[in-house]
Amino acid sequence: MGTPEESFSKLPVYFHNLKKHNPGTVAYIKNDSEDRFEYCFFAIGCAIRAFRECCRKVIIMDGAHLKGKYKGTILHAVTMDDNNQILPIGYGIRPKETTDSCTWFLEKLHECIGDVEGLTMVTDRAPTIALIKAYKTTEFEFYWGRLRNIRDDVTTYLSQIPREKWTRAYCPTTRYDYITSNSMESMNVVSNKARKFPRLPLLEFFRALMQKWFYKRRMVAEKSTTILTKWAEDMVKKNKEGIQGWSVSSVDNTTYQVHDFKSGGIVNLREKTCSCRYWQLTVLPCGHEWF
């Protein structure tokens, strides 16, 4: 492990090698006015490419307190892959939970992923203003997993901007139905012991974890016989069950009204929408569509 002080001094070399051996990797260290460590950020190239090319455009962000000699917070930005598994995108370390540190982290994350149409950010209260600052040139939406945590000053600020910019109820785009930061709680549990490590071993723990996850998922994907992941297949199968006794009425060549003994659904096959909103939220066909 080395000493915590040695860990700080070796971070530049570590990040240099990360970028050298992992194409597309982004890593930054920010020092203060006295040239002392302040923040750091890194995102592995394969994770950036996976998010941009293969994953749902939702980022879940949260932090966890560090337990070693030098306190601070590690920030995680993760998404969910098409098998509904956690995919880490970027990590950052900061000494305190401040708007400036969160803005810096989000600016580096934005630099990695670029402008993403319909991007949704799921986070708790603290990063709110930082999101506005870091993504000022991008159309985005964000909301909280725990609304009770919103501070009064944040509530006041949000009341002064259009609600479609931040609230789920007024959101016009697909958001895949992720409304909590449960995946971040899972990351915090996985890293519980590692958060006692000095900075460099801590970051190496997350790099090694990503390598392990990527390898296992690649092996599973190579054995797949369909274009759907196991999770997606199970969801589709579940949605096809329980539709016995339903009836359908035609509206036109592409629009149908499905009667399901409840509120029913209006399905538009051309637009790939259903009035129950499940198809739009998850991008998986609902029972109305299958019927």
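For this structure, a couple of remarks:
- Sparse packing (at most 15 other Cβ atoms within 10 Å of the Cβ) combined with a DSSP loop state is found for the following GluC sites (Glu not before Pro) in the range 1-87: Glu34.
- Under 11 Å, Cβ to Cβ, from Cys112 - net charge with Lys/Arg +1 and Asp/Glu -1: +1
- The trypsin sites (Lys or Arg not before Pro) of the range 1-70 that DSSP puts in a loop, and whose beta carbon has at most 11 other beta carbons within 10 Å, are Arg36, Lys69.
- Residues whose amide H falls under 5 Å from that of Met80, counting only those 5 or more places apart or on a different chain, are Arg56, Val58, Leu87, with hydrogens built in the peptide plane.
- About the centre of its Cα atoms, the range 1-118 shows a dipole size close to 320 debye [charges on the beta carbon of Lys, Arg (+1) and Asp, Glu (-1) only; nearest 20 debye].
- Asp62 accessible area, assembled protein chains, probe 1.4 Å, Å²: 30 Å²
- Restriction of the chymotrypsin sites (Phe, Trp or Tyr not before Pro) in the range 235-277 to DSSP coil positions whose beta-carbon has at most 10 other beta-carbons within 10 angstrom yields Phe261.
- Of Ile227, Tyr256, Leu269, farthest towards positive along the dipole that unit charges on Lys, Arg, Asp, Glu beta carbons give the range 188-291: Ile227
- Tensor-based shape of the range 186-272 (alpha-carbon gyration tensor, a/c under 1.5 rounded, otherwise prolate or oblate): prolate
- The residue among Leu109, Leu87, Ile60 whose Cα reaches farthest toward the positive pole of the charge dipole of the range 1-136, with charges on the beta-carbon of Lys, Arg, Asp and Glu, is Leu87.
- Applied to the range 184-201, the Karplus parametrisation 6.51 cos²θ - 1.76 cosθ + 1.60 on θ = phi - 60° returns per-residue 3J(HN,Hα) values of 5, 4, 5, 5, 5, 5, 4, 9, 4, 6, 5, 6, 8, 6, x, 4, 5, x Hz, with x for Gly and Pro.
- Once backbone amide H atoms are built at 1.01 Å from N, Lys67 has Lys196 as its partners under 5 Å, excluding neighbours fewer than 5 places away on the same chain.
The values are calculated or read from the model by the stated rules, or taken from the named source; none is laboratory data. Being a predicted model, the structure only gives us computed values, none of them experimental. All Cβ positions, even for glycine, are placed from backbone atoms using ideal geometry, and neighbour counts span all protein chains on display. Heavy atoms of the whole protein, side chains included, go into the accessibility calculation; ligands, DNA and RNA do not. Shrake-Rupley method; radii C 1.70, N 1.55, O 1.52, S 1.80 Å.
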